[in-house]
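What follows is a set of notes on a single structure, which appears directly below.
The values are calculated or read from the model by the stated rules, or taken from the named source; none is laboratory data. Because the structure is predicted, anything quoted here is derived from the model rather than measured. Virtual Cβ from ideal backbone geometry, glycine too; neighbours counted across all protein chains shown.
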Amino acid sequence: MTTSTTTLPGAATAAPARLTQLDALESEAIHVMREVAGEFERPVLLFSGGKDSIVMLHLARKAFWPAPVPFPVMHVDTGHNFPEVIAYRDATVAEHGLRLVVASVQDAIDDGRVVETPGGSRNPLQTVPLLDAITQHRFDAVFGGGRRDEEKARAKERMFSLRDEFGQWDPRRQRPELWDLYNGRHKPGEHVRVFPLSNWTELDVWRYIEREGIPLPEIYYAHERDVFARDGMWLTAGDWGGPRPDEVVERRVVRYRTVGDMSCTGAVDSHAATVADVIAEVASSRLTERGATRADDRASEAAMEDRKREGYF
Amino acid sequence: MGTQTTTDLPAAGGAADHAQRDLLRLATAGSVDDGKSTLIGRLLYDTKSVLADQLSAVERATRARGGDGTAVDLALLTDGLRAEREQGITIDVAYRYFSTARRAFVLADTPGHVQYTRNMVTGASTAELAIVLVDARKGVLEQTRRHAALTALLGVPHVVLAVNKMDLVGFDQATFTAIAREFADYAHVLGLPDVHAVPLSALDGDNVVLRSDRTPWYDGPTLLELLEQVPVGRDAAAEPLRLPVQYVIRPRTPDHPDYRGYAGKVASGLVRVGDELRVLPSGRTSRVVGIDTFDGPLTQAEAPRSVTVRLADDLDVSRGDVLVPAQEHVRTGQDLVGTVCWLTERRSVAGARVLVRTGTRTVRALLREVDARLDVDTLTVEQWDPVDTVRTIDATDTSSDAAPRSLGLNAIGRVRVRLAEPVVLDDYATHRRTGGFLLVDPADGSTLAAGMVGPTLLDRLAPVRADERDDDWLAGAGI
């Protein structure tokens, strides 16, 4: 190997023979992304500014380097955003020369395509603008950051998940996935949701963020914030409708474990200020991330299964 | 139990611990009655992979079902979809994640019910280890043999026989030994290369993660110790190079105006800068001048790493091609013979137009015939004389007379397929990562069958000649 004829800068090295767990997960995700780029006409990557979508975008950059990412990113915007996350989204899109598609829940409400429940979360309202955007842009593959360890219904999700023309997921119609032969064939009007992070756990995502040095929106790390308690979570005051007169605002040191709609994404008490702190915290955590911070998953034991059937991410 | 937290989870470890750990994919086979869900729940629970809110949800569910709340029903940890909860069965492959300081595990939890054989085949396809579960009171049953046969068919290299419910047979050594012997004999017939047996109680936790003091006569490893010890990925790296091209990277940017790289995952073997490679099926050869990654160039890369390879010559290489060592004679062709598991309710039809997916290539094809069928319950093979001409069959006629040699859902048989263009035909028995294929319906894109090129377990078992067969085989066809 002394006669390398590579024309790129930098000395070539032999990769370690044995792939570590993170190497194996990274290689699998890159393989899935390249399959989509090779098989589909119009893929899109869902990008919320949350850590899972940030890791997905990082993997997409790796998969196609030195070419730019060959598909746009889409943000389903509930209108109840953390400003830090929107700033991160816009900076990332600009830095990597990406095309951003925004599917707006507010627009859908204004058009009357969805009806907002007073005081309710906007998370379930994302489904309609998401499906409308998929139809409008004729996207045939939609990358999502879903992981099988997140929730029981997701434990059965495929890497390539077929959705009918109504965006619906039918667990009995899912195709068996053998070896690494992903079958993305679909009829006109149907699309495929693709989950490259299927086999990652929350800890894997954090360890990968640490290994790769991937920057995140600062709300993932401990900071002081004015919050109030609702449904056992710390919510941030905002023009989405909180706090109510009976809810007391206090200043606490918190961080977010997930990033979503402000009205239903809660912060947790935390002093984890670095990736290493977060990893230590997650590793010793007594609550899964959805259980700790997502009000909508608590509605019923089958809440996620119901939303998935309707075409949610 | 409910008060246990995950604060001391060994998986957490320091950065140094987990950085070097590897990944084992495994599958479980067994029915609910064997205590499979309880066993998986036990693995998750005892490796501290269950978090407090999951556990409290299970505690609530245990009480709702009439439990007294003092013992958690660990089986509920793995009970996924509502239909399953309602019917008390497992209807689909579910994936579970747990880890120790040494290794991370991706577990495909596959149902044991006969109508869902396709899910077991799915779970076993990527597994390097299969856990076959038996109830110590019942021993090796027909379904145990079926699970072992499917494990052998899919070429899973390591098998662990988990003899569960030892607590219900008084941890009797003779019971365990008899079951382990019977299974070992059967595994030998199937050609399973590496088989271990462990006496355990998933309910109480004996020999799952923690060594039991109730089996003093057993000095072997616990189930988890076995899972941590089996070698991972050794066979893939030792095989000759196969690099199916997924995508051609051509940036056409000012920085890289003429860059042309072939992106793919090394399916098996090793690729090195300087290697002479052949592009199949075209047959042209060239030399590797660069192996590129986002993180910098490599001099060599081993399976299953995803890389981008540059070649010295400007060949016409595209998605679907396979890069192989130039000096190796690799078989390509248009006539595929292999064993399939039929995965859909529509029966196979001889003469049907299908798509064959192998590696990254999809080609049009004709399913010429099914000429043998494997009964995994009896391990008998029924074989028929070849059909010389392709008959035209009315696909809408699903009566058995119309398609006498066809496969129904979950049936396993040998097919002969004619391809519209040549593809690489690696035997599955020696090339597990490239010898698999799918049959796809060109009309709606559904996956009809999953297959393995070349001789498999079906060919290993002595065939019954067509003139000796029982005429009422159709009654049991399609299980």
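Please go through the stretch B:62-77 and pick out each residue that is modelled with pLDDT under 70 and either surrounded by fewer than 19 Cβ atoms within 10 Å (Cβ to Cβ) or part of a loop (DSSP other than H, G, I, E, B) (or both). Answer for the stretch B:62-77, where residues must be modelled with pLDDT under 70 and either surrounded by fewer than 19 Cβ atoms within 10 Å (Cβ to Cβ) or part of a loop (DSSP other than H, G, I, E, B) (or both): B:65, B:66, B:67, B:68, B:69, B:70, B:71, B:72. Comparison of A:209, A:219 shows that the only residue that is aliphatic (A, V, I, L, M), touching a Lys or Arg at 6+ places or on another chain (Cβ under 9 Å) and within 14 Å of another protein chain (Cβ to nearest Cβ) is A:209. Residues of the stretch B:90-129 that are outside any helix (DSSP H, G or I), aliphatic (A, V, I, L, M) and either at pLDDT below 85 or out of contact with any helix residue (DSSP H, G or I) (no Cβ under 6 Å at 6 or more places or on another chain) (or both): B:91, B:93, B:94, B:106, B:107, B:127, B:129. When the stretch A:164-193 is limited to residues that are more than 7 Å from every other protein chain (Cβ to nearest Cβ) and under 27 Å from residue B:265 (Cα atoms), the one that is nearest to the chain's Cα centre (by Cα) turns out to be A:193. Answer yes if at least one residue in the stretch B:226-236 is part of a strand (DSSP E or B) and not aliphatic (A, V, I, L, M), and no otherwise. Scanning the stretch B:226-236, I find no residue that is part of a strand (DSSP E or B) and not aliphatic (A, V, I, L, M), so the answer is no.
In the stretch B:299-342, of all residues being basic (Lys, Arg) and assigned to a loop (DSSP other than H, G, I, E, B), the one that is farthest from the other protein chains (Cβ to nearest Cβ) corresponds to B:331. Evaluating residue B:229 against the criteria (1) more than 14 Å from chain A (Cβ to nearest Cβ); (2) over 22 Å from the mean Cα position of the chain (by Cα); (3) modelled with pLDDT under 95 leaves one unmet condition, (2). Looking at (1) over 29 Å from residue B:441 (Cβ atoms); (2) under 31 Å from the mean Cα position of the chain (by Cα), find the lone condition where residue B:255 falls short. Every listed condition holds for residue B:255 apart from (2). In the stretch B:276-286, the qualifying residues are those that are free of Cβ contacts under 8 Å to residues at least 40 places away in the same chain and either under 17 Å from residue A:24 (Cβ atoms) or surrounded by 15 or more Cβ atoms within 10 Å (Cβ to Cβ) (or both), and the one that is nearest to the other protein chains (Cβ to nearest Cβ) is B:286. Exactly one residue out of A:158, A:148, A:122, A:175 is buried (at least 21 other Cβ atoms within 10 Å of the Cβ) and within 20 Å of residue A:81 (Cα to Cα), and it is A:122.
Within the stretch B:250-270, if we keep just the residues that are more than 9 Å from chain A (Cβ to nearest Cβ) and charged (D, E, K, R), the residue that is nearest to residue B:322 (Cα to Cα) turns out to be B:260.
Count of the stretch B:237-249 residues, restricted to those that are at the interface with chain A (Cβ under 10 Å from one of its Cβ atoms) and under 25 Å from residue A:36 (Cβ atoms), is 6.
From the list A:54, A:86, the one residue that fits, being aliphatic (A, V, I, L, M), surrounded by 20 or more Cβ atoms within 10 Å (Cβ to Cβ) and away from chain B (no Cβ under 14 Å), is A:54. Residue under question is residue B:273, and the condition is that it be among the aliphatic types (A, V, I, L, M), touching a Gly at 6+ places or on another chain (Cβ under 9 Å) and at the interface with chain A (Cβ under 7 Å from one of its Cβ atoms); does it hold? Judged against the criteria, residue B:273 is a match. Regarding the stretch A:30-49, can at least one residue be identified that is touching a strand residue (DSSP E or B) at 6+ places or on another chain (Cβ under 9 Å), more than 23 Å from residue A:190 (Cβ to Cβ) and hydrophobic (A, V, I, L, M, F, W, C)? Yes, there is a match, as at least one residue in the stretch A:30-49 is touching a strand residue (DSSP E or B) at 6+ places or on another chain (Cβ under 9 Å), more than 23 Å from residue A:190 (Cβ to Cβ) and hydrophobic (A, V, I, L, M, F, W, C). Taking the stretch A:198-216 as the range and being in a loop (DSSP other than H, G, I, E, B) and in contact with a strand residue (DSSP E or B) (Cβ under 8 Å, 6 or more places away or on another chain) as the test, the residues that pass are A:198, A:199, A:201. Counting the residues of the stretch B:292-304 that are farther than 15 Å from residue B:275 by Cβ and within 24 Å of the chain's Cα centre (by Cα) gives 1.
Rundown of residues vs (1) in contact with a strand residue (DSSP E or B) (Cβ under 6 Å, 6 or more places away or on another chain); (2) in contact (Cβ under 8 Å) with a residue 60 or more places away in the chain; (3) in the same structural domain as residue A:29 (by TED's automatic domain parsing); (4) in a helix (DSSP H, G or I), yes/no style:
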{"residue": "A:68", "(1), (2), (3), (4)": "no, no, yes, no"}
{"residue": "A:84", "(1), (2), (3), (4)": "no, yes, yes, yes"}
{"residue": "A:90", "(1), (2), (3), (4)": "no, no, yes, yes"}
{"residue": "A:98", "(1), (2), (3), (4)": "yes, no, yes, no"}
{"residue": "A:103", "(1), (2), (3), (4)": "yes, no, yes, no"}
{"residue": "A:124", "(1), (2), (3), (4)": "no, yes, yes, yes"}
{"residue": "A:129", "(1), (2), (3), (4)": "yes, no, yes, yes"}
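When A:111, A:107, A:77, A:52 are screened for being of a type outside the set (Val, Ile, Thr) and more than 20 Å from residue A:142 (Cβ to Cβ), only A:111 passes. Would you confirm, using the coordinates I've provided, whether residue B:150 is assigned by TED's automatic domain parsing to the domain that holds residue B:117, in contact (Cβ under 8 Å) with a residue 12 or more places away in the chain, surrounded by 21 or more Cβ atoms within 10 Å (Cβ to Cβ) and within 20 Å of the chain's Cα centre (by Cα)? Answer is yes for this residue.
Restricted to the stretch A:178-197, and to residues there that are outside any loop (DSSP other than H, G, I, E, B) and in contact with a Phe, Trp or Tyr (Cβ under 7 Å, 6 or more places away or on another chain), the residue that is farthest from residue A:134 (Cα to Cα) is A:194. Here the stretch A:31-51 is the region considered, the condition is being within 9 Å of chain B (Cβ to nearest Cβ) and without any contact (Cβ under 8 Å) to a residue 60 or more places away in the chain, and the residue that is surrounded by the most Cβ atoms within 10 Å (Cβ to Cβ) is A:34.
The set of residues in the stretch A:136-165 that are without any contact (Cβ under 8 Å) to a residue 12 or more places away in the chain and of a type in the set (S, T, N, Q) contains only A:136. Is the stretch A:163-177 home to any residue that is assigned to a strand (DSSP E or B) and of a type outside the set (D, E, K, R)? Checked against the condition, which is being assigned to a strand (DSSP E or B) and of a type outside the set (D, E, K, R), the stretch A:163-177 yields no hits at all. Quick check on residue B:161: is it assigned to a helix (DSSP H, G or I) and either within 14 Å of another protein chain (Cβ to nearest Cβ) or more than 21 Å from residue B:459 (Cβ to Cβ) (or both)? No.
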